[in-house]
Amino acid sequence: MNKRNLVVSSAHLAKGGSPALSELEYGVIIFSHGLSRWIVRCIAAAGLPGLSTIEILILHNVRHRNRPKTLSDLCLVLDIDDTHIASYAIKKLESAGLVKTSKLGKEKVIESTPKAIVVLDKYAEIREQLLVSSMEQSGLSQEVLSKMAGNLRMLAGLYEQAARSAATL
């Protein structure tokens with residue numbers, strides 16, 4: 001690797017066999033915080049201040065394809081280990097009139113309310129106006145963004161495997 005200034009959060013990790021991995025980790029940390037701030041502020045601009053990142057992610061996922069979701073569906077897709085976190089978020093969203101729950105056989109299912117659909121449509125409008133237009137100006141094509149997303153999913157799998165291995169040490 002050529003000698004250049006790496007932007008890392010932990011120089012002691014960058015001294016190992018993959019300094020670029022430390023640089024990537026720091027970039028993902030910064031990106032993750034920026035993404036969280038964005039979705040919280042965007043949903044507030046759409047008319048729902050006070051929601052947490054996890055509540056917003058659940059709200060978006062419940063709306064996905066306009067099909068009811070189970071708690072286990074949401075936890076699986078959003079990679080939530082602690083179902084209590086998701087259950088609490090769903091209760092808060094239900095109290096706010098954004099989701100409704102019902103029984104389908106033995107399972108509780110969650111679906112979007114008309115109020116949620118209106119707010120999420122407004123969120124999508126704001127996203128197009130503020131984020132998508134900036135992204136287009138950045139020069140990152142849809143193809144590049146899609147490839148980045150695939151790489152991040154692949155890396156997530158590697159980190160998950162490493163986490164399982166670390167748990168056995």
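The values are calculated or read from the model by the stated rules, or taken from the named source; none is laboratory data. Remember, predicted model here, so these are calculated numbers, not experimental data. Positions of Cβ are backbone-derived with ideal geometry, glycine not excepted, and every protein chain shown enters the neighbour counts. In case anyone asks, the SASA skips ligands and DNA or RNA and just uses the protein heavy atoms, side chains included. Shrake-Rupley method; radii C 1.70, N 1.55, O 1.52, S 1.80 Å.
A simple spin-label model places pseudo-atoms 7 Å from Cα toward Cβ; at E125 and S87 they are separated by 3.8 nm. Each Cα pair under 8 Å and six or more residues apart adds its separation to the average, and for the stretch 21-169 the resulting relative contact order is 20 percent.
By the rule of a C-alpha distance below 20 Å, with chain neighbours fewer than 8 residues away ignored, the lysines paired with K106 are K69, K91.
Leaving ligands, DNA and RNA out of it, work out the accessible area of I29 with a 1.4 Å probe and give it in Å² to the nearest 10. Accessible area, nearest 10 Å²: 80 Å². Ignoring ligands, DNA and RNA, please state the percent of accessible area on the chain from carbon and sulfur, probe 1.4 Å. Carbon plus sulfur share of accessible area: 59 percent.
Exposed loop sites are taken as trypsin sites (Lys or Arg not before Pro) in a DSSP loop (any state but H, G, I, E or B) with at most 16 other beta carbon atoms within 10 Å; the longest stretch of the chain without one runs 16-105. Label zone (T70, point 7 Å along Cα-to-C-beta; backbone nitrogen cut-off 20 Å) within the stretch 95-131: 100-112. Averaged over its residues, the chain has an accessible area of 69 Å² per residue, based on protein heavy atoms and a 1.4 Å probe. This structure gives semi-axes √(5λ) of the Cα gyration tensor in Å, computed directly, and of (i) 33, 17, 16; (ii) 34, 17, 12; (iii) 33, 22, 14 that value is listed as (iii). Only protein heavy atoms count here; under a 1.4 Å probe, S36 has an accessible surface of about 40 Å².
For T168 and I29 in one chain, what is 0.36 nm times their gap in residues minus the Cα-Cα distance, to one decimal in nm? Don't skip to the answer; put the middle values down first.
Values: separation 139, 0.36 × 139 = 50.04 nm, distance 2.53 nm.
Stretched out fully, the T168 to I29 stretch lengthens by 47.5 nm.
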